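One structure below.
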Amino acid sequence: MSIQPAVTGVTPVVVAGGGPAGLAAAAELSLHGIECVVVEPRPQVSHRRPRAKTTSVRTMEHLRRWGLAGQLRATAPLKVAWSQRVTFCESLSGRRITDFEGAFGLTTRRDDRFAEPGQQAPQPVVEEVLRNRLGARPGVGLRLGHAVTALAQDDEGVTVTVRDPGGDRYRLRARYVLGCDGASGVVRDQVGAQYVGRSDPRPNFNVVFRARGLDTHLGPAVQYWVVGGPTTGLIGRLDLAGNWWAVFPGVEAGYGTAHASELIAGLVGAPSEHELLATDPWTARMQIADSFGRGRVFLVGESAHVNPPWGGHGFNTSVGDAVNIAWKIAAVEHGWAAAELLASYEDERRGVVGQTVASAESNLRALAGDLPADAEAIQRLKRPEFHSLGLVLGYSYAGSPVIQPCAGQGPAADPTSYTPSADPGARLPHAWLSDGTSLYDQLGTGFTVLGPVRARPTAIAGLADRARGLGIPLALREPPPDYPWRDEFLLVRPDQHIAWRAADPVSIDLEVVTGRSTPAGDRA
């Protein structure tokens, strides 16, 4: 083993880890024309451990921004039209107890509330779609089979030590590092951050198996929850070619390994010919790092937080982290935002992460083995797990130092219900345009003013002049005629969140939203 000299030149961003968070960060940086190097230990993704399977409405909207929503849908083994249902039953061959229709934002109908419905797709499929796109993008270096082992930062940048596939080490120099290397990565330790929280004492055991002849009279569903009998758990298809996954809460690794066939038969309701492909014991953890970064290094995704999979939010929250920090780094790199903008990453994402972890922990209290075979009880206890648009779309960055100070909306009181809001900090309320495109398709990659721009030409010209003087990219867009907020001016950020809401564009403070100054009420 040897350590090679540092690579000459400086990379704007090194992304440590090429899972969902790292690939999403690279996609967002690429959208804004910022070069990056993604360092990922896995040469290929493994389909034997599919991990996350739910791509949320919000993540699909980001994929749309990157031009990848259609590609993921085309690649996903289970199309949305195949099923939008979660079924609770006694077993795959037993009695249906109740269903949740339209689970996880799955729908084949156009919905005014969002630009993209959810999509069921195993995490390896999502990663491969992103890898394929990023591998062809100029300015993105995918170093697969390489791993970040250490880093050291100073006032000017970060020196990153990387191990190559042969075991030799070399150094990269970057202005910023995104720690997307997960719960067991090195970046969190390198910046001195620690998880705070707890682990659930119960074990869990996952299996992936192939059973080409397995079917069920219950009809298509993206998940089947088996409750009320001697064997309880979840089971579902990975594809329509006979590959299945199953989760057994409360089963420890030794027992699961020795009795996997019996456990599968318990969910199916009868012995089923199958080939066991993989097993994966795990523990549910509800933990958030005490810091999301130090200096020029930021923790993104599971390096910053871990939560149980119940509700399907972990992977999607990681993508939200990546988008938030990546557009801000791009703004600073392009010179139209101050470095202070980057400090708002933790201010904005910590609250969202806290809500998400709390929701997952709440869902954890009613697992398959805890539920009676009673439809009314199941509907009451599990609705927040499968219908959570209030959590997925209703979160707000109100209170951030780069958002207009106001009363603003706080966290969604009901995670199952989403009410569009134009309060500063909220995601811009969606609308479909007369030509069938989304309002989101009209937004720029910088800031966008949405409002009656033609009715206020002098004020809009003044705002545009101020933006030009600060180097801020600013697009001007008219809302559709029936848009509820068509008479107001909404300043929309690159991540589709509202930074400022005003009756008069003269009052929009471009220096606050780009981190150049603090809101007037906060100034000493």
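The values are calculated or read from the model by the stated rules, or taken from the named source; none is laboratory data. All values reported here derive from a predicted model rather than from experimental measurement. Cβ atoms come from the backbone with ideal geometry, glycine included; neighbour counts cover every protein chain shown. Calculation scope for accessible area: heavy atoms of the full protein, side chains included, ligands and nucleic acids excluded. Shrake-Rupley method; radii C 1.70, N 1.55, O 1.52, S 1.80 Å.
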Failed condition for Gly236, given (1) assigned to a strand (DSSP E or B); (2) small (Gly, Ala, Ser); (3) open to solvent by 20 Å² or more (accessible area, probe 1.4 Å): (3)
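Can you find a residue that is surrounded by fewer than 21 Cβ atoms within 10 Å (Cβ to Cβ) and on the phi > 0 side of the Ramachandran plot anywhere in region 105-115?
As a first pass, look at region 105-115 and keep what is surrounded by fewer than 21 Cβ atoms within 10 Å (Cβ to Cβ): 107-113.
This time we only want the ones that are on the phi > 0 side of the Ramachandran plot, so: none.
No, that holds for no residue.
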Count - residues of region 144-203 that are more than 30 Å from Leu367 (Cα to Cα), under 25 Å from the mean Cα position of the chain (by Cα) and of a type in the set (D, E, K, R): 3
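Being within 32 Å of the chain's Cα centre (by Cα), open to solvent by 10 Å² or more (accessible area, probe 1.4 Å), within 20 Å of Asp441 (Cα to Cα) and not aromatic (Phe, Trp, Tyr) narrows it down to one of Leu474, Leu490, Leu470, so name that one. So that I can check it myself, show each step before the final result.
On the way: Leu490 fails: open to solvent by 10 Å² or more (accessible area, probe 1.4 Å); Leu470 fails: within 20 Å of Asp441 (Cα to Cα).
The conditions single out Leu474.
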Helices (runs of 4 or more DSSP H) enclosed by region 272-387 - at least 1 residues per element that are closer than 25 Å to Ser184 by Cβ, touching a residue at least 60 places away in the same chain (Cβ under 8 Å) and within 19 Å of the chain's Cα centre (by Cα): 314-333, 344-364
Matching entry among Arg198, Arg171, Arg175 (being more than 24 Å from Ser318 (Cβ to Cβ) and assigned to a strand (DSSP E or B)): Arg171
All helices (runs of 4 or more DSSP H) inside region 13-104 with 1 or more residues being without any contact (Cβ under 8 Å) to a residue 12 or more places away in the chain and surrounded by fewer than 24 Cβ atoms within 10 Å (Cβ to Cβ): 69-75
Residues (in contact (Cβ under 8 Å) with a residue 40 or more places away in the chain and at negative phi) located in region 216-230: Thr216, His217, Leu218, Pro220, Ala221, Val222, Gln223, Tyr224, Trp225, Val226, Val227, Gly229
Every residue from region 455-467 that is buried (at least 22 other Cβ atoms within 10 Å of the Cβ) and either under 28 Å from the mean Cα position of the chain (by Cα) or farther than 18 Å from Gly444 by Cβ (or both): none
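Inspect all residues belonging to region 414-434 and state whether any of them is without any contact (Cβ under 8 Å) to a residue 24 or more places away in the chain and out of contact with any helix residue (DSSP H, G or I) (no Cβ under 7 Å at 6 or more places or on another chain). First the steps, then the outcome.
Narrowing region 414-434 to residues without any contact (Cβ under 8 Å) to a residue 24 or more places away in the chain: none.
No, region 414-434 has no match at all.
Looking at the structure I just gave you, is Leu218 closer than 30 Å to Thr75 by Cβ, hydrophobic (A, V, I, L, M, F, W, C) and open to solvent by less than 60 Å² (accessible area, probe 1.4 Å)?
Details: closer than 30 Å to Thr75 by Cβ: yes; hydrophobic (A, V, I, L, M, F, W, C): yes; open to solvent by less than 60 Å² (accessible area, probe 1.4 Å): yes.
Yes.
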Meets criteria (touching a Pro at 6+ places or on another chain (Cβ under 7 Å), assigned to a strand (DSSP E or B) and buried (at least 20 other Cβ atoms within 10 Å of the Cβ)) for Trp245: yes
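Which of the residues belonging to region 211-231 are of a type outside the set (A, V, I, L, M) and closer than 18 Å to Arg51 by Cβ? Walk me through how you get there before you give the answer.
We begin by selecting, within region 211-231, every residue of a type outside the set (A, V, I, L, M); these are 212-213, 215-217, 219-220, 223-225, 228-231.
Residue satisfying the conditions is Gln223 alone.
Sort through Asp181, Asp200 and tell me the only one that's surrounded by fewer than 18 Cβ atoms within 10 Å (Cβ to Cβ), over 27 Å from Glu101 (Cβ atoms), in contact (Cβ under 8 Å) with a residue 60 or more places away in the chain and among the acidic types (Asp, Glu). Break it down into steps so the answer makes sense when it comes.
Numbers: Asp181 fails: surrounded by fewer than 18 Cβ atoms within 10 Å (Cβ to Cβ).
None of the other options fit; the residue is Asp200.
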